[in-house]
Amino acid sequence: MPDENYLYFGDTKNMPYGEKTEEQLIEFADKIFKFFENKNAKAVVMACNTTSAITYEKLKNNYNFKIYPIIQSVCSTLAKMPDVKRLGIIATPATINSHSYSKEIKKYNQNMQVFEQAAPNWVRIVEEHRINQPQSIMQVKEIIDIMNNFAPDKIVLACTHYPYLMSVLKKFMPEEKFIDPSLYFAKNIKDDLTKSGLLNNKFEYEKFFVSSNPENFKTASQMFYKLNELPEVVNL
């Protein structure tokens, strides 16, 4: 959606979310939503699987914009994939403990078998640029070995960070086995904004905000986007 204006908030102060309590996650998400509300956002994307799993149902009706949660948005698509009877989910501990993926998929496909596996170290491996270190490779392999016992047809990389581990993941399993749900997610959002008459037709600005460490964020963000300026620090 190149014509949209974007406000991006990275909660660098409180990450990683996958290790936080439900109460903490609800507090963080509520403050971020109120920040976007004050910025007159027309819609907010919950790109984080963990917050989608834990906070969406509790907070979704509290604001004056539409919220797109990644798990709830993509599971209808995942549940209808042809030739997939056994689906693996690799996610943060908080997402796995919520069983959000299996619950949502069961709404659309009672027959699909879902196996959920937590990967508690993977976010830090990506954030700390340790992807190719021997210890990191072993930590990735340990999770894939467990997943292999389930013999999945496909595996969902159910955290925004995990697709950045593909160079290691494909050492232990064919790359085509893995699914990056963000690709489905972006298409679903575009389709819905179009249907709702909310799609923008002229790009004007993008603004980045973080809760701490703007220099670190600018460096880390090079993996997915080139920032020309330091993000603004916002204390929520």
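The values are calculated or read from the model by the stated rules, or taken from the named source; none is laboratory data. All figures in this text were calculated on a predicted structure; none of them were measured in a lab. Neighbour counts run over all protein chains shown; Cβ positions are idealised from the backbone, glycine included.
Observations
- For segment 164-178, a residue qualifies if it is within 20 Å of Ser100 (Cα to Cα) and in a helix (DSSP H, G or I), but none of them does.
- When we screen Glu37, Glu19 for residues that are in the same structural domain as Asn200 (by TED's automatic domain parsing), surrounded by fewer than 20 Cβ atoms within 10 Å (Cβ to Cβ) and modelled with pLDDT of 95 or more, the only hit is Glu37.
- Tally, over segment 173-197, of residues that are of a type in the set (Lys, Arg), free of Cβ contacts under 8 Å to residues at least 12 places away in the same chain and closer than 24 Å to Gly10 by Cβ: 1
- Residue in segment 36-52 that is more than 19 Å from Glu22 (Cα to Cα), in a helix (DSSP H, G or I) and out of contact with any strand residue (DSSP E or B) (no Cβ under 7 Å at 6 or more places or on another chain) present: yes
- Hits in segment 203-236 - residues which are closer than 14 Å to Glu127 by Cβ, part of a loop (DSSP other than H, G, I, E, B) and out of contact with any Ser or Thr (no Cβ under 6 Å at 6 or more places or on another chain): Phe224
- Hits in segment 207-236 (condition: in contact with an Asp or Glu (Cβ under 9 Å, 6 or more places away or on another chain), within 21 Å of Lys42 (Cβ to Cβ) and at pLDDT 95 or above): Lys207, Phe208, Phe209
- Of Ile54, Ile71, all but one fail to be of a type in the set (A, V, I, L, M, F, W, C), within 13 Å of the chain's Cα centre (by Cα), crowded, with 16+ Cβ neighbours inside 10 Å and within 15 Å of Asp180 (Cα to Cα); the exception is Ile71.
- Looking across segment 76-95, the residues that are within 13 Å of the chain's Cα centre (by Cα) and over 15 Å from Phe178 (Cα atoms) come down to Thr92, Ala94, Thr95.
- Entirely in segment 58-163, the strands (runs of 3 or more DSSP E) that have 2 or more residues that are outside the structural domain of Thr21 (by TED's automatic domain parsing) and in contact (Cβ under 8 Å) with a residue 40 or more places away in the chain: 86-91, 154-157
- A Cβ distance below 7 Å, combined with a sequence gap of six or more or placement on separate chains, defines the contacts here; from segment 198-218, residues that are more than 25 Å from Asp11 (Cα to Cα) reach residues that are not in a loop (DSSP other than H, G, I, E, B) in the pairs Leu198/Ala43; Leu199/Leu193.
- With respect to the conditions (1) part of a loop (DSSP other than H, G, I, E, B); (2) under 14 Å from the mean Cα position of the chain (by Cα), Met1 lacks only one, and its number is (2).
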